[in-house]
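Notes to accompany the following structure.
The values are calculated or read from the model by the stated rules, or taken from the named source; none is laboratory data. No experiment lies behind these values; they were computed from the predicted model shown. Positions of Cβ are generated from backbone atoms using ideal geometry, with glycine treated the same way; all protein chains shown enter the neighbour counts. What goes into the accessible areas is simple: the full protein's heavy atoms, side chains included, and nothing from ligands, DNA or RNA. Shrake-Rupley method; radii C 1.70, N 1.55, O 1.52, S 1.80 Å.
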Amino acid sequence: LSEQIGTLLYNRMLYEEIKNKAEGLEKLMRIIINVSSLVKEKDIIDKALNESVKKLFNDSKGVIILFEENMLIIKSAVGYEKSIVGKEIPVSSVAGWVCRNRKNLMIRDKTKIKFFNEKYENEYFENKGIFVPIISEGRVKGVICITRKENNYTREDLYFLSILENNIGGIIARTKLYEDMKKDYINTIYSLAAAVDAKDHYTHGHSTTVMKYSTKIAEKMRLSEEEIENIKYAALLHDIGKIGISEAIINK
């Protein structure tokens, strides 16, 4: 009878464990779906961090630290009383160790970690923490850290965070492609505007001037970022029809 009871209790424990993991994965997939529709890196890291702290990791705070000109800088933070975005973190730190070694890290007591940099990391790192390097296109872009004062994180928590990071890295890589395409698109527009101005020396630089005034007016009207961008490109191309008109007519 005791063996049967033991087996039933063990099966119940396994069931609860699998159920919790399934619920966690469901929340994680919702976060990834919400983030995948974004096209700006800042929006991606802010949304991913904010939702994961709220939905996956109880009583936690979090930061995303990215490389910028060989420095580690806090780019996003959730759960802190004052803003710590923009703070620099030296490479000689827990975050730096995770980036250099490309390894996940689970910490149960920060005071026992020899590479913990008290001067710089006390502000964002509570006593317990999980760190995962953010890797995009094979390169380490930074690190995501979830932290709290009490209650150790589990291997399951680290597993969830590593899945989230893997997807963030892929989404960021996609946004880079989008940004490259956008730059090519903008360069094409500027080239067309330059070709228009070259047709009519009298109004040389006119398209750029119209763009500057139009953009400033749109900003003063507090139009959306998308509307301002559309107005900017439309202003540059407002005389595009001149390309197909004879210079003899334009300069008459």
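What are the residues in segment 128-148 that are outside any strand (DSSP E or B) and either at pLDDT 90 or above or charged (D, E, K, R) (or both), if any?
Residue satisfying the conditions is GLU137 alone.
Taking segment 35-50 as the region of interest, how many residues are over 16 Å from ASN166 (Cβ atoms) and open to solvent by less than 60 Å² (accessible area, probe 1.4 Å)?
Total meeting the criteria: 3.
Look at LEU105 and say whether it is within 19 Å of the chain's Cα centre (by Cα) and either under 19 Å from LEU158 (Cα atoms) or crowded, with 19+ Cβ neighbours inside 10 Å (or both).
On the way: within 19 Å of the chain's Cα centre (by Cα): no; either under 19 Å from LEU158 (Cα atoms) or crowded, with 19+ Cβ neighbours inside 10 Å (or both): yes.
Answer is no for this residue.
Identify all residues within segment 1-26 that are open to solvent by 90 Å² or more (accessible area, probe 1.4 Å) and in a helix (DSSP H, G or I); write none if there are none. Don't jump to the end; show me each part of the working.
Of segment 1-26, the ones open to solvent by 90 Å² or more (accessible area, probe 1.4 Å) are 1-4, 8-10, 12-13, 15, 17-18, 26.
Selection gives SER2, GLU3, GLN4, LEU8, LEU9, TYR10, ARG12, MET13, TYR15, GLU17, ILE18, GLU26.
Out of everything in segment 215-252 that is in contact (Cβ under 8 Å) with a residue 24 or more places away in the chain and in a helix (DSSP H, G or I), what residue ends up being most open to solvent (accessible area, probe 1.4 Å)?
GLU247
Here is a yes/no grid of residues against (1) open to solvent by 70 Å² or more (accessible area, probe 1.4 Å); (2) among the aliphatic types (A, V, I, L, M); (3) under 23 Å from LYS55 (Cβ atoms); (4) in contact with a strand residue (DSSP E or B) (Cβ under 6 Å, 6 or more places away or on another chain):
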{"position": "ILE146", "(1), (2), (3), (4)": "no, yes, yes, yes"}
{"position": "TYR153", "(1), (2), (3), (4)": "no, no, yes, yes"}
{"position": "SER162", "(1), (2), (3), (4)": "no, no, yes, yes"}
{"position": "ILE172", "(1), (2), (3), (4)": "no, yes, yes, yes"}
{"position": "LEU177", "(1), (2), (3), (4)": "yes, yes, no, no"}
{"position": "LYS183", "(1), (2), (3), (4)": "yes, no, no, no"}
{"position": "TYR190", "(1), (2), (3), (4)": "yes, no, no, no"}
{"position": "ALA194", "(1), (2), (3), (4)": "no, yes, no, no"}
{"position": "ALA198", "(1), (2), (3), (4)": "no, yes, no, no"}
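Within segment 63-81, identify whether any single residue is assigned to a helix (DSSP H, G or I), in contact with a strand residue (DSSP E or B) (Cβ under 7 Å, 6 or more places away or on another chain) and of a type outside the set (S, T, N, Q), and answer yes or no.
no
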